[in-house]
Amino acid sequence: MIRILIVEDQTMLKDALEYMIDGQGDMEVIGSTDDAARALDLCKKIKPDLVLMDVVTKNNNSGIRYTAEIRRALPDIKIVIMTSYPEITFVEEAKKAGAHSFLQKNMDKDHLLYVIRSTMKGVGFYPGLDDSSPFTGKFTETEIIVIRLICQGVERDEIAAKLNVSEAKIKKVITEVLDKTGFDSIAKFAVYAVGKGFIAPELI
């Protein structure tokens with residue numbers, strides 16, 4: 001029996017996952033929480049075999065951050081990251097955190113169950129570039145920070161002060177972002193990126 005902990009802040013989705021999983025003969029949900037910050041303590045307490053971990057949970061807590069904590073403390077637990085956003089950093093960050101698999105929430109039931117079973121057997125799943133953001137891997141860490149701040153509505157001089165660099169440096173970063181994306185305005189790219197879910201500005 002595969003014992004599963006669900007970390008998901010959308011109540012309807014969490015309930016649907018519990019219903020679907022508990023309907024399988026070889027798996028069961030033994031716990032759930034809407035806040036990734038509670039996941040490590042729960043894992044220590046109830047000892048699941050696998051965690052279904054949302055990327056952004058209650059209080060904007062990062063499921064990826066707490067995945068890394070669980071992997072360090074309890075390396076035998078398998079973790080499947082789930083998200084509804086094709087954010088440009090999520091896949092690589094999930095890999096670095098040690099997540100075994102990565103799924104979009106729009107997957108069908110059979111695929112989710114297949115990934116859970118396969119992950120437990122040691123076969124992980126990650127989307128290819130064609131399945132993720134078209135901008136995956138294009139930006140440097142500094143460019144992503146600048147993009148997120150712009151998406152939050154922070155002015156260039158404030159960004160420069162926050163990053164302790166000159167406004168000229170921020171202008172250069174923005175120019176590089178526009179060259180990589182083909183947009184003629186950073187404001188247009190910000191609206192597009194947030195609207196498509198390619199940037200989660202609240203994560204900075």
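The values are calculated or read from the model by the stated rules, or taken from the named source; none is laboratory data. Just so it is clear, the model here is predicted, and its values are computed rather than measured. With ideal geometry, Cβ positions are generated from the backbone for all residues, glycine too; neighbour counts draw on all protein chains shown.
Rundown of residues vs (1) outside the structural domain of residue 18 (by TED's automatic domain parsing); (2) more than 18 Å from residue 123 (Cβ to Cβ); (3) among the basic types (Lys, Arg), yes/no style:
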| residue | (1), (2), (3) |
| --- | --- |
| 66 | no, yes, no |
| 69 | no, yes, no |
| 76 | no, no, no |
| 84 | no, yes, no |
| 106 | no, yes, no |
| 109 | no, yes, yes |
Quiz item: Which number in (1) part of a loop (DSSP other than H, G, I, E, B); (2) at pLDDT 80 or above marks the one condition that residue 137 misses?
Solution: (2)
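Name the single residue that is farthest from the chain's Cα centre (by Cα) among those in region 50-72 being among the small types (Gly, Ala, Ser) and within 19 Å of residue 119 (Cα to Cα). I'd like the intermediate steps shown before the answer.
At the first step, the residues of region 50-72 found to be among the small types (Gly, Ala, Ser) are 62-63, 68.
Going one step further and asking which of them are within 19 Å of residue 119 (Cα to Cα), we end up with 63, 68.
On the way: 63: 7, 68: 12 Å.
If we take residues in region 50-72 being among the small types (Gly, Ala, Ser) and within 19 Å of residue 119 (Cα to Cα), then 68 is farthest from the chain's Cα centre (by Cα).
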Quiz item: Somewhere in region 100-109, is a residue surrounded by 15 or more Cβ atoms within 10 Å (Cβ to Cβ), assigned to a helix (DSSP H, G or I) and touching a strand residue (DSSP E or B) at 6+ places or on another chain (Cβ under 8 Å)?
Solution: no
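Is it the case that region 122-133 has a residue that's surrounded by 15 or more Cβ atoms within 10 Å (Cβ to Cβ), at pLDDT 90 or above and either part of a loop (DSSP other than H, G, I, E, B) or not basic (Lys, Arg) (or both)? Working first, answer last.
First, pick out the residues of region 122-133 that are surrounded by 15 or more Cβ atoms within 10 Å (Cβ to Cβ): 124-127, 132-133.
From what is left, the residues that are at pLDDT 90 or above are none.
No, every residue in region 122-133 fails to be surrounded by 15 or more Cβ atoms within 10 Å (Cβ to Cβ), at pLDDT 90 or above and either part of a loop (DSSP other than H, G, I, E, B) or not basic (Lys, Arg) (or both).
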Exercise. Give the residue, chosen from 11, 33, that is surrounded by fewer than 23 Cβ atoms within 10 Å (Cβ to Cβ) and touching a Ser or Thr at 6+ places or on another chain (Cβ under 9 Å).
Key: 33
Quiz prompt | Members of region 173-186 found to be part of a helix (DSSP H, G or I) and either surrounded by 12 or more Cβ atoms within 10 Å (Cβ to Cβ) or touching a residue at least 12 places away in the same chain (Cβ under 8 Å) (or both), listed by number | solution = 173, 174, 176, 177, 178, 180, 181, 186
